[in-house]
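I have placed the structure first, in the form of C-alpha cells, so that the comments after it can refer back to it.
The values are calculated or read from the model by the stated rules, or taken from the named source; none is laboratory data. As the structure is a computational prediction, the values presented were derived from the model and not from experiment. Virtual Cβ from ideal backbone geometry, glycine too; neighbours counted across all protein chains shown. These accessible areas exclude ligands, DNA and RNA; they are computed on the full protein's heavy atoms, side chains included. Shrake-Rupley method; radii C 1.70, N 1.55, O 1.52, S 1.80 Å.
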Amino acid sequence: MVEVEERKDVAILLGDPKQAILKLSVPTMIAMVISSLYSLINGIWVAGLGDLALAAIGFVHPVFLIVMGFSNGLGAGATAIISRYIGAKDKKQANNAALHAILLMVVMTIIFTVIFGLFLEPILIMMGAGETLSLGVEYGRILFGGSLFIVFSSTAYGIFRAEGNVAKATYAMLFGAILNIFLDPLFIYYLNMGIKGAAIATIISLIFSSILLLYWFKKDTYIKFSIKEFVYSSKLINQILGVGLPAGTEFLMIAILSGSLNVILMFVSGVDGVAVYTASWRVIMVAAVPIMAIGVSIVAVTGASLGAKKFENINIIHNYGIKIGLIVVIVMAGAIFLLAPYISYLFAYSPESASIQPFCTDFLRIVSLAMIFIPIGVSSTSIFKGLGKGLDSMLIALIRVIILEIAFAYILAVPLGMGQYGVWWGIVIGNALGAIFAYIWSKRYIKKLLASNKS
C-alpha cells in the first residue's frame, strides 16, 4: 500500500499552507482559465449568427449553471471530505468517500437528464425567452443530453484536487477546452449546424476529457477505486452532500441571478440588453477564474488542515488567499478596463451584432470594478466549504446574490430609470456589500474555532 507521506502531491497538501495554496492554485488557474474558454469561445462563434442566437444561449446559461453548479458542488464535497481523510491518514476511508462521490454522480446525472429533457421548454418560456425560444431549446436539449459527462468531469476533478493531484486535472481540462475551440467553428459553420453545432462541440470535448480522466484513474492516483472495498455509509453521503448541496445551491442562486437579470434586461432594453450581458459577462467570468482556482485550492488545503488538526493554519489560509487573489484581480480588472473597446469587438464582428459593441464596452468597464471584491468573498466561502460548513457558505451567497445583487439591479434599472446601466451598477454594489459581509462572518467563525480548540 502507498503511504500518505510517500506521495509528493499529498505531501504538498499537508505541508506549509501558503506553499500548498500556491502550488495547487497555479496549475488549477491555468486549467480553469482555458476551460472557461468553453463558454467564451462558444459566445464568440455564436455571435456570428446574430444577437438572437447570442441571447438564446444567454437564456439557456442559467439552466446550464444549475447543472454545472451542482456538479461542481459534488466535486467540492468530494474535495473537502476526501482531503480531510487524507489529512487524517485514513486511506481506506478516503477511497470509500471517493466511491460514494461516484455513486452520487450517477444519481445526479439521472436527475438532470430527466428534468431538463422534459421541462427545458417551459423553463425557458417562464424565463421570458420569447423569440429566442426555438433556438434555446435546440441548443439546450443537446447540451443537457450530455449531463453524464458534465457531472462526471466535475466529480473527477474534485477527487484529483482532494489528493493534491492537480496536474492531471489540469491536463484533462486543457485537452477538453482546446478540443472545443477547434470543434466550434467546424460544427457551427463548416458543417452548417448553427447553434446546435456549438452544443455538439461542447459535449464531444467533454466526452474525450472524461475518457482521459478514466484512464488516469486506472493508471496512477493515490485514490483507488475497487467495488470490493465499497462499504455504504450514510455518514459519508451526508458529509459529501453537506458541502456539495450548499455549494450547488450557490450556483443555483447564481442561475437565479442570471435569469432575473435577463428578465429585467428584457424589460428595460430588450433582446440587445440580454445579448450584451450574455457576451460581456463571459469575459468577466474568464478573468475571475484565477480567483475561483484559488478558492478551489483553499477548500482542499483547509480540509487537509482540519483532518490533521492544524487549526492554526485556517486563519493563515484565509488571509493568504485574499492577498494573492487581490494581486491577481487588480491586474485582470485593470486590463479589462483599458482594453474594453477592443475586447467588445469579439462579439460585434458581424453586421448582425455590431450594434451592441459600445454597450459591451461600457458593461466591461463598469462590471470590472466588481471584480476587486471577488477574492474576499471567494476566500471566505471556500474556508467554510473546507471546514464542511457548506450551509454557512450558502447563506452568504443567498444574501449577496438574491438580496443584494438582484435588489440593487432592479431598483437602479427600473424605479430609478437607469435601464441596463442600472443592472450593471447593481452587480457592482451587490458584490461589494456581499464581500464585506462574507469577510466579517468568516473572521468571526475562525476566531471562535481557534478559541474552542485552545481551551
Quick one: residue 323 ticks every box in (1) in contact with a Pro (Cβ under 9 Å, 6 or more places away or on another chain); (2) modelled with pLDDT under 90; (3) of a type in the set (D, E, K, R) bar one, so which box is it? (2)
Residue under question is residue 449, and the condition is that it be touching a Phe, Trp or Tyr at 6+ places or on another chain (Cβ under 9 Å) and surrounded by fewer than 24 Cβ atoms within 10 Å (Cβ to Cβ); does it hold? yes
Residue 75 vs (1) in contact (Cβ under 8 Å) with a residue 40 or more places away in the chain; (2) over 20 Å from residue 213 (Cβ atoms): all pass except (2)
Check whether at least one residue in the range 149-162 is open to solvent by 40 Å² or more (accessible area, probe 1.4 Å) and either within 30 Å of residue 47 (Cβ to Cβ) or in contact (Cβ under 8 Å) with a residue 60 or more places away in the chain (or both), and report yes or no. yes
Quick one: is residue 323 on the phi > 0 side of the Ramachandran plot and either open to solvent by 30 Å² or more (accessible area, probe 1.4 Å) or part of a helix (DSSP H, G or I) (or both)? no
Inside the range 272-289, the number of residues satisfying the requirement of being more than 14 Å from the chain's Cα centre (by Cα) and either surrounded by fewer than 20 Cβ atoms within 10 Å (Cβ to Cβ) or without any contact (Cβ under 8 Å) to a residue 24 or more places away in the chain (or both) is 1
Subset of the range 330-364 [under 16 Å from residue 51 (Cβ atoms), assigned to a helix (DSSP H, G or I) and aliphatic (A, V, I, L, M)]: 346, 354, 356
Determine which single condition residue 218 fails, assuming it passes every other condition in (1) charged (D, E, K, R); (2) under 28 Å from residue 21 (Cβ atoms); (3) out of contact with any Lys or Arg (no Cβ under 9 Å at 6 or more places or on another chain). (2)
Checked against (1) closer than 22 Å to residue 247 by Cα; (2) modelled with pLDDT of 85 or more, residue 185 satisfies every condition except (1)
Yes/no for residue 172 being hydrophobic (A, V, I, L, M, F, W, C), open to solvent by less than 40 Å² (accessible area, probe 1.4 Å) and more than 21 Å from residue 63 (Cα to Cα): yes
Lone unmet requirement of (1) in contact with a Pro (Cβ under 7 Å, 6 or more places away or on another chain); (2) not in a helix (DSSP H, G or I) for residue 167: (2)
Quick check on the range 406-433: of everything there that is in contact (Cβ under 8 Å) with a residue 60 or more places away in the chain and either open to solvent by 60 Å² or more (accessible area, probe 1.4 Å) or under 18 Å from the mean Cα position of the chain (by Cα) (or both), which residue is nearest to residue 376 (Cα to Cα)? 431
Do the conditions hold for residue 224, that is, is it at pLDDT 80 or above and of a type in the set (Lys, Arg)? no
Taking the options 53, 20, 31, name whichever one is at pLDDT below 65, part of a helix (DSSP H, G or I) and touching a helix residue (DSSP H, G or I) at 6+ places or on another chain (Cβ under 6 Å). 31
Residues being open to solvent by 70 Å² or more (accessible area, probe 1.4 Å), in contact with a helix residue (DSSP H, G or I) (Cβ under 9 Å, 6 or more places away or on another chain) and outside any loop (DSSP other than H, G, I, E, B): count how many of those fall in the range 191-218. 3
Going by what's in this entry, would residue 251 be described as among the aromatic types (Phe, Trp, Tyr), closer than 25 Å to residue 25 by Cβ and not in a helix (DSSP H, G or I)? no
Considering the range 71-94 alone, what residues qualify as being under 26 Å from residue 111 (Cα atoms) and surrounded by fewer than 24 Cβ atoms within 10 Å (Cβ to Cβ)? none
